[in-house]
Protein chains: 2
Amino acid sequence: MNIPADSAAVRRGNLALVLRHIADHGPCARTEVAAGTGLVHASVTALVADLVARGLVEEVGAAVTGARGRPRRLLRLVPERVRTTAVHVTWEHITVMTAGLAGSPGGARQLAHHQGPFGPREGMADAIAAAVTESVPAAPGVHHGRLVIAMAGPVTDARADDPGRGWHAPELAALVADRLSGQSCPVDVVNDANMAALAEQHALAAAGDDPGGTVAYVKSDAGVAGALIINGRIHHGSYGLAGELGHIPVTLDGPACRCGATGCLTTYISTRAVLDAAGLGDLAAPHDSGAALAELGRRLQSAEPRALAALDRAGRALGAAIQSIIGMVDAERIVLGGHLAEWLPWLLPGIKVRMDPRRAAFPTLPVAVSPGVFGPDAALHGAIAAGRARILADPTAVPGGRGSGGASCAGSAGI
Amino acid sequence: MNIPADSAAVRRGNLALVLRHIADHGPCARTEVAAGTGLVHASVTALVADLVARGLVEEVGAAVTGARGRPRRLLRLVPERVRTTAVHVTWEHITVMTAGLAGSPGGARQLAHHQGPFGPREGMADAIAAAVTESVPAAPGVHHGRLVIAMAGPVTDARADDPGRGWHAPELAALVADRLSGQSCPVDVVNDANMAALAEQHALAAAGDDPGGTVAYVKSDAGVAGALIINGRIHHGSYGLAGELGHIPVTLDGPACRCGATGCLTTYISTRAVLDAAGLGDLAAPHDSGAALAELGRRLQSAEPRALAALDRAGRALGAAIQSIIGMVDAERIVLGGHLAEWLPWLLPGIKVRMDPRRAAFPTLPVAVSPGVFGPDAALHGAIAAGRARILADPTAVPGGRGSGGASCAGSAGI
DNA sequence: CCCATTATTTTCAATGGTTGAAAAATTAGA
DNA sequence: TCTAATTTTTCAACCATTGAAAATAATGGG
């Protein structure tokens, strides 16, 4: 910590502690909150009163236990008090999704945009703001928690020496925030693969399948990307480029990559590389490989040798990359997204070629490779989860209690 | 955070804030501490009084500024109040080093031990405790801050399902703590490569060369190992094996490794692999390759082709590994330790073969590869730094103030 | 030599937070 | 109706930071 702590910080932390307990453990009484958090009954009373004043928590009625004593009054999260808006910007579409704090987002609205993949910042900000204002109506009593914008492509952080590639998060966030005059709220600009990884990690945790402290995510659809989650938080790296493992080398003398190097992972597991290896490169149009992918799926089902060989080749490269991930960051769970999730049955033999020898050396290390459960909407779900986590981590951002009432509306970038 | 915050936590955090400022910015007055930390003058007065009561800070006299006004009374860290002891356990030796808080450790005392590399825990604990009690005399008024034991080999954390390999940190820490009856203090058991990385990162920061948030360390001497430092802290991974990158694959079809896989980094950059490739494998005795290494150094100086080729081969593999590190965790600084530091001039061409194409794609990313400044004592210096950081992060562990006075003496493992 | 000025440090009441014990509330069972 | 049991609230106490005022200790000028 670099800033001094005071009683307000204590209050903030304990409010978050109580709110998270209520969110995680369903409707529960104050006593259970006290037992679960380590706080004393008196403190829980005061903290819950604060959360109720902010509209984040409400009493749902008395529990009918049949036991003696004063009945416990159950507390519940008010899901619709705070609304998180997620935006996914791909090369061709802007998709908007909103959700309350309940964790079950509604449907997504998709709009076409005509900005280039790295087009002018102002044009992109216009398009995003228009999509948001169109899709998210203002409602009374609803606090707009956060607008999380997931970009397909590198997102760099607040550095003076911009690498020139990718989106400058603070800049784009500020541009969009300016254009949301009516419903101003904090704006985050993040990478979509990071958000997809977050979604998958939350899904694993929600399913009771503890993903552990370090989770790696690899996906291949429009491009190859990945993300690293360490202790439940995304690892950004020095330039916000962590997890961009499309161009990690998996062999010393491999095919030439468009990036100039050789043997990049992209040259093995990208959609184009797999289609080419399967002899289906001709079927894929520049921006629509749907037909070719469908044909690949059919040939895999019918065990066509060339299709199988293409996925074996990809699997071996992916296995090497996974082995690097495990050795480097000691992840105990690798989640595959995009087409890799669909292809997993055919990739696994190739992956095992790499992983089994290591497993023989460290027999009891339970590293699991699993397919992601989300489809193309993974990034949206992850962005919703990120916004929700922000509110749960600092309830004082919602007005109504004694503390500060949601003032900061500037764009920020750190999730 | 999972435990509630109270006024004691506020006090702890602000004490650490003040102490760190005094430690980092040399002798300075209370006003400067207030300006640097964001605390108010009144708070600084109270906090400094607490630190003085604990013996961690003292007034060094008035500053002779010649300016008008009440003269500032300079505060200084008391270096000898807290003593950190570091132990490095290699396959053959136990080395002990102690240091105060000043940052300039004294000489190291080395003892031979006759435990196997993964010998019985009790025997190793006996040897370590004996070395410590022999090397570190008790002194009045000196608080033993922490005993940090850096083990050459994998160190696993508190998990029920022990992988069987490596040292179980809590167990060994408890065993050693039990044997230090006279001078009980908290014991940490950590991996030596992690500590070496920490030492190098501290050295870079101390030299004014900001290493950034993510630093990777790779070394090769008795074995190939590495470490990852994220935001100044060691990344352990799910099983405490992060950074063990001796067995990450750098190519799809490489030489067979003793671990059972093929193409591991070890098969390219280990001391034995380099000596073999240079045609010097016969000179190396099983446990002493000193003569062979000296001969390799001579041949490199005289540009003997086979020696140069061996290091080019190693450099290319190392470049691929570095490229993987950069792509995966986005480190902006790679530090090479062990023999790699000595060999760097001859490794660099091979490394550049891998890194330059990527640099062409991301021209302004300033990723630096640099040799470590520490020799074999790197782990000891890092362990000292880790112990020092612990005290600076929680001064209430030192008795004397109002808060708790250094009670917990059990073994722990998390650095 | 004395006094105004200036800058640092300390003191002190006020505020806000958690805590522990006691009191109040509310129901089941005798 | 009364007692026991359990949850919730109230209240005095304590501790930490804060802001303003007071104390401290030098310099520079008359």
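Before moving on, here are some points about what is shown:
- The angle between the Cα long axis of helix B:41-53 and the main principal axis of chain B comes to about 80°, on a 0 to 90 degree scale.
- For chain B, the fraction of 1.4 Å probe accessible surface lying on carbon and sulfur atoms is 54 percent.
- Rounded tilt (10° steps) of B:169-179 against the dominant C-alpha axis of chain B: 60
- Chains B and A, summed buried accessible surface - 1.4 Å probe, Å², nearest 100: 5200
- Inter-chain Cβ neighbour average for residues B:315-323, partner chain, 10 Å: 3
- Within straight-line reach of A:Lys352, meaning a Cα separation under 19 Å, sit the following aspartates and glutamates at least 8 residues removed in sequence or on another chain: A:Asp312, A:Asp330, A:Glu332, A:Glu342, B:Asp253.
- Radius 12 Å from Cβ of A:Trp91, net charge of other residues (Lys, Arg +1; Asp, Glu -1): -4
- At 7 Å out from Cα toward Cβ: A:Ala49 inter-copy label distances (nm, ascending): 3.3
- Protection-proxy order for peptides B:391-402, A:68-79, each taking the mean of Cβ atoms within 10 Å per residue, highest first: B:391-402, A:68-79
- B:Ala62 paired with A:Leu308, simple spin-label distance in nm, labels 7 Å along Cα-to-beta-carbon: 9.1
- For the protein assembly as shown, with +1 on Lys and Arg beta carbons and -1 on Asp and Glu, the positive-most of B:Val176, A:Thr31, B:Ala378 along the dipole: A:Thr31
- Site pair A:Ala35 and B:His287 shows an inter-label distance of 5.7 nm when each label is modelled 7 Å from Cα along Cα→Cβ.
- Note on B:6-18: average number of Cβ atoms from other chains within 10 Å of each residue's Cβ is 3.
- Peptide B:231-242 has a mean of 6 when you count, residue by residue, the C-beta atoms of other protein chains within 10 Å of its C-beta.
- Full extension of the chain segment joining B:Arg109 with B:Arg72 gains 9.2 nm, where the gain is 0.36 nm per residue of separation less the Cα-Cα distance.
- Label points for B:Ala368 are taken 7 Å from Cα along Cα→Cβ. From this copy to the others they lie 4.3 nm apart, shortest first.
- Using a Gaussian network model of chain B in which every pair of alpha carbons under 10 angstrom is joined by a spring, one finds that among B:Cys264, B:Cys28, B:Cys185 the greatest mean-square fluctuation is at B:Cys28.
- In terms of the mean number of neighbouring beta-carbon atoms within 10 Å, the peptides B:11-21, A:45-55 order highest first as B:11-21, A:45-55.
- Karplus (6.51, -1.76, 1.60) ³J(HN,Hα), θ = phi - 60°, over region A:208-223, in Hz, Gly and Pro reported as x: x, 9, 4, x, x, x, 10, 10, 10, 10, 10, 9, 9, 9, 5, x
- Kirkwood analysis of the protein assembly as shown, using all unique Cα-Cα pairs, places the hydrodynamic radius at 29.1 Å.
- Summarised in one figure, the compactness ratio Rg/Rh of region B:7-77, Cα atoms and Kirkwood Rh, is 0.97.
- Nitroxide proxy distance, nm - points 7 Å out along Cα→Cβ at B:Asp126 and A:Thr45: 6.0
- Dipole magnitude for region B:196-371: about 280 debye, using +1 per Lys or Arg Cβ and -1 per Asp or Glu Cβ, origin at the Cα centre.
The values are calculated or read from the model by the stated rules, or taken from the named source; none is laboratory data. These numbers come from a predicted model, not from an experiment. Counting neighbours? That spans all protein chains shown, and the Cβs are built from the backbone with ideal geometry, glycine included. Protein only, heavy atoms only, side chains kept; ligands, DNA and RNA dropped before computing areas. Shrake-Rupley method; radii C 1.70, N 1.55, O 1.52, S 1.80 Å.
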